[in-house]
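Every number in this text was worked out from the coordinates using simple rules, so none of it is lab data. Please read these numbers as outputs of a predicted model, since none were measured by experiment. All Cβ positions, even for glycine, are placed from backbone atoms using ideal geometry, and neighbour counts span all protein chains on display.
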Amino acid sequence: MIRKVEQEDIKRCVEVIRKSFGTVADEFGFTIENASRFTAFATTEERINWHLNGECRPMYAYWEEGVIIGYYSLLIQDNNECELNNVCVLPEYRHKGIGDKLLEHAFVIAKGLGCKKMNIGIVEENEILKKWYASYGFVHTGTQKYDFFPFTCGYMERGL
C-alpha cells in the first residue's frame, strides 16, 4: 500500500533511503570519503524533515505489513515540471514490482498537481536503472560531471 509520508515516518524513510542507495554505493564503489554527497551518505532526518516541512514536497512510502519498504518524493517546480527524487525499495523487496508501483503512483500524483513534465537525475553509469526508466518513457537529456562525485550524473525526463 502506498500512502503519504507523515512526520512520524521520517526516521524510517531515512533508513530505507540510506539502505536502498547503499547497495548502489557498494556496486559502484562509492564511499563516504569519495562521495559524501551521494544519497546513501547525505540523507539525514533533518534533510528529509526540511523536504517535508520546509519545501512541502509530496512524499510517499510503500508499506507492507505495517513497515515502510519503499519511498519517493517530488520537488514541484514553478514551470509545471517536477523532479522525482529518491525512488527506492529495500534490497530484500526488489524485483516484486514495488518500484513500478511507486513510479506509476508518482506519475498520477505529479499529473494531479499540474505537472506536465517529470525530471530525474541518476548515476549515469547505472545502465540497468537507465533502461528501467527508459521503459517508462523517460528520455535521456544529458550528463553533468561534478567534482564532488566519482560518477557522472545523468538526466532524464518524461512528459506527463
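Brief remarks on what is shown
- Relative contact order, whole percent, for the stretch 2-120 stands at 26, derived from Cα pairs under 8 Å and 6 or more residues apart.
- Simple label model, 7 Å out from Cα along Cβ direction - E64 to A42, nm: 2.9 nm
- For the chain, the residue among V24, G137, C82 whose Cα projects farthest onto the positive side of the dipole built from Cβ charges is G137.
- HN-Hα J in Hz across the stretch 145-153 - Karplus 6.51, -1.76, 1.60, θ = phi - 60°, x for Gly and Pro: 9, 10, 4, 8, 10, x, 9, 9, 7
- The helix-only estimate of mean residue ellipticity at 222 nm for the chain, built from DSSP H runs of length n ≥ 4 each weighted as -39500 (n - 2.57), is -9500 deg cm²/dmol after division by the residue total.
- Förster radius 25 Å - calculated FRET efficiency between E15 and W132 (Cβ-Cβ, nearest 0.05): 0.60
- Extended-chain gain in nm, criterion 0.36 nm per residue less alpha-carbon gap, N79 and T152: 23.7 nm
- Cysteines (scope the chain) whose Cβ has no counterpart Cys Cβ under 4.7 Å: C13, C56, C88, C153
- For M1 and W50, a Förster radius of 22 Å and the Cβ-Cβ distance give a FRET efficiency of 0.25, rounded to the nearest 0.05.
- Rounded to the nearest 20 debye, the dipole magnitude of the chain is 400 debye, with +1 charges on Lys and Arg beta carbons, -1 on Asp and Glu beta carbons, and the Cα centre as origin.
- Charge context of H51, other residues only, Cβ under 12 angstrom, K/R +1, D/E -1: -2
- Counting only lysines at least 8 places from K111 when in the same chain, those with an alpha carbon closer than 24 Å to its own are K4, K101, K130, K131.
- The candidate values were (i) 21, 20, 16; (ii) 34, 17, 13; (iii) 24, 22, 17; the one computed from these coordinates for semi-axes √(5λ) of the Cα gyration tensor in Å carries the label (i).
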